[in-house]
1. Would you mind counting up the charge near Phe74? Only other residues with Cβ under 12 Å from its Cβ, with Lys and Arg at +1 and Asp and Glu at -1.
2. Once you have all Cα-Cα distances for segment 259-376, histogram them in 10 Å bins from zero and send the whole-percent values.
3. When Lys and Arg each count +1 and Asp and Glu each count -1, what net charge do the other residues less than 10 Å away from His270, Cβ to Cβ, add up to?
4. Compute the separation of the alpha-carbon centres of segment 344-408 and segment 196-252 and state it in Å as a whole number.
5. Go through Tyr333, Gln385, Leu361 and say which Cα lies farthest out towards the positive end of the charge dipole of segment 288-441; charges sit on Cβ, +1 for Lys and Arg, -1 for Asp and Glu.
6. Which ordering of Tyr174, Tyr374 is given by a fewest-first count of other beta-carbon atoms within 10 Å?
7. Rounded if a/c is under 1.5, else prolate if a/b beats b/c, else oblate: with a ≥ b ≥ c from the C-alpha gyration tensor eigenvalues square-rooted, which is segment 233-290?
8. Viscosity 0.890 mPa s, temperature 25 °C: what is the translational diffusion coefficient of segment 288-441 from Stokes-Einstein with a Kirkwood Rh over Cα pairs, rounded to a whole number of µm²/s?
Amino acid sequence: MEKKNAMAKTGISKADGNVTIGKKNGVKVETEWPITPPLPKVQIVDVPRFFFPKGIPISISENEAALRRVSDVFSNSGNTVGIIDMAEVCRAAGIPIYWKRAVYDSCCNNLFRPITLADFASWWNRCFSKFAYIIYLCSGFSLMEINLNWMTRNILDISRMTAVAHDEAARFVYTLAGPHRNYLVKEDLAPILKDLIETFPGLHFLREAEEFHSRYVETVIVRIFWAVNRSWTGRITINELRRSNFLETVRKLETTDDINTITNYFSYEHFYVIYCKFYELDKDHDLIINKIDMSQHSNGALPPQIIDRIFSGAVTRSPAGKRIREALETIGYTDFVAFLLAEEDKRHPTSIEYWFRCLDLDGDGVLSMYEMEYFYNGVKNKMDQHNIDSMRFDDVICNLLDLIRPKQPNVISLSDLKKCPLCTRFFNTFVNWVKYYEQEASEGERATVTDGEEELNDWDRYCLEEYEALMADDQDNDELEDINLNLDDDDELLIDHNVNTTINLSLREFGDSQRTKILEAI
C-alpha cells in the first residue's frame, strides 16, 4: 500500500508489469528497461565441403605412394626414361597408359629428350623444382638417394599438378593444356592420337600408311568434340569431360588389341566408312567439297535448301572464340565428318542441335510454319522429280505436331525435339527425301540391331552396314580379278584392261597402293 502511494505521489505509472515513464516533481523521468535474457547459443554445424571444381583432392599419402612407384621405374631404367618407356611410368603413377605422350611432352617441355625423375616430379607436384634441384646439385647424392618422403611433405605448398588438378578429368586437361588453361582445344588432342597410331597394337596396318594418319586424327578429334563439347564453343571444359564417357573409353584401350571394339571415337572401321564417303564426293581429291559435290551425297538425297544451310556457317564449328558470319563456298573434311554424324544419327543430342540450327533460318530459337514449309518444299520437289506422290504440307505438319506435341502452338523449340524419341522422323521430313519416303512407306520403326547383348545406336548400325558393303564390293572385285588373271595368254589385252578396271573399282578411286595394304591387314 505504501509502495502504491509512493508511485501515485511521484506520478510513476506501471503498464503491463513494466515500469516505463513517469514524473517526479514535475520532471519527466524514464526508467530503465529490464535486462533481456541472453539468446541460447547456436550450435555451429560443420558442413563438409561439397563443391570441388578441380575434383575431390587426393590424399598426400596417395600422391607420395605414386611417386615412390615411379621412382622405382626410373631406378630400374638407369634414372632416365624415353618416350618408349613412358607406359610403365604412367602405369606406376596410376595414369591411363595412352596419356603417355602428353605426360612426356609436359615433363620435358616438348623437347624430345629422355626425362629424369626430377622432370616427372616437377610436373607431378613440383617437389623437385628450384629448391629441390639445388639440393640435388649440392648434395653429392644421386636423385634416388634424396628422401622423397621428406621433400614431398615439406615442399608440398608449392605443388603443381596434384595441387590444382585432383580428379582424372582435371588432370587430363592440365596434362594436355598446361597450367594456364582450364579447357582443351582441338590441337591439344593431336599428340596423344598420333601416339595411339604409333603404339596401339591394333593399328599396326595404319602405321604403314602415313598419308592416312592426319585424316584418322582429324576424324577422331571431330568425334570427340561432337560427343563431349556440348556447348559448341570449340573448347572442352573439365565439367564437359566429367559428363562424358571419353576418359573411360581411353582406359578401355588398355583392355583390347582390337581398335574396332571401341566404337566410341577410335574405331578404324568407322573412320574407313567416313573417309570413303568423303572421297566419293571429293572428285579432285583436294580435301574440299562444294555445294555441287555435296548434292551427290547419297544419290542426291539432300534438297538444295538444306545444302545451302550446311554451307551457311550455321553449323560450322569455328576455331575457339571466333564466329563464322558469312556463307561458305566450300567445306573441308572435318565439316563433312560432322555432317555425316548428324545425318546418320539424328537421335544424338548434338545432331538434334545441328539440324535445328539448319532449320532455324532467322535464329529466333523456334521453328515456325514458314520455315518448316520452306524446307518441306525442297523435299517435295525432289520427290516430284522422281514421280513420287507426296502429301500436302498441311497434312504433314498436322502429323508432325501430333508427333512432337510442342509447348507453344504452331512453333517447335529445341527442347520439344530433344524430348521426342521419334525426332528422327521429324528431321527426315525436311532434310533427306529418300529417308522421308522410306519412313512413310514402311510400317513402324526399323528393327533394332544388336552386337551381342548390346543394342547398336543409329551411328554404329550405319557404320556396320556400310563397312560390310564396302568389304563385299572389294571381295567381288578381287574375285573378278582372279577370273581375269586365269584367262588364256591369247587374251592378254583383255586381261590388262579388266585388271586395270578391277583395281580401280577395288580401290574405289583411292588411287593409292596403301589402300590395298590396309585391306589385306583387315
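1. -2
2. Once binned at 10 Å, the Cα pair distances of segment 259-376 give 12, 42, 35, 11, 1.
3. Local net charge: -2.
4. Measuring centre to centre over Cα atoms gives 32 Å.
5. Farthest towards the positive pole: Tyr333.
6. With the sparsest Cβ surroundings first, the list reads Tyr374, Tyr174.
7. Since a/c reaches 1.5 but b/c is at least a/b, the shape of segment 233-290 is classed as oblate.
8. The calculation lands on 154 µm²/s.
Every read-out reported here was derived from the displayed coordinates using simple, explicitly stated rules and does not represent laboratory data. Nothing here was measured: the structure is a model prediction, and the numbers come from that model. Cβ atoms come from the backbone with ideal geometry, glycine included; neighbour counts cover every protein chain shown.
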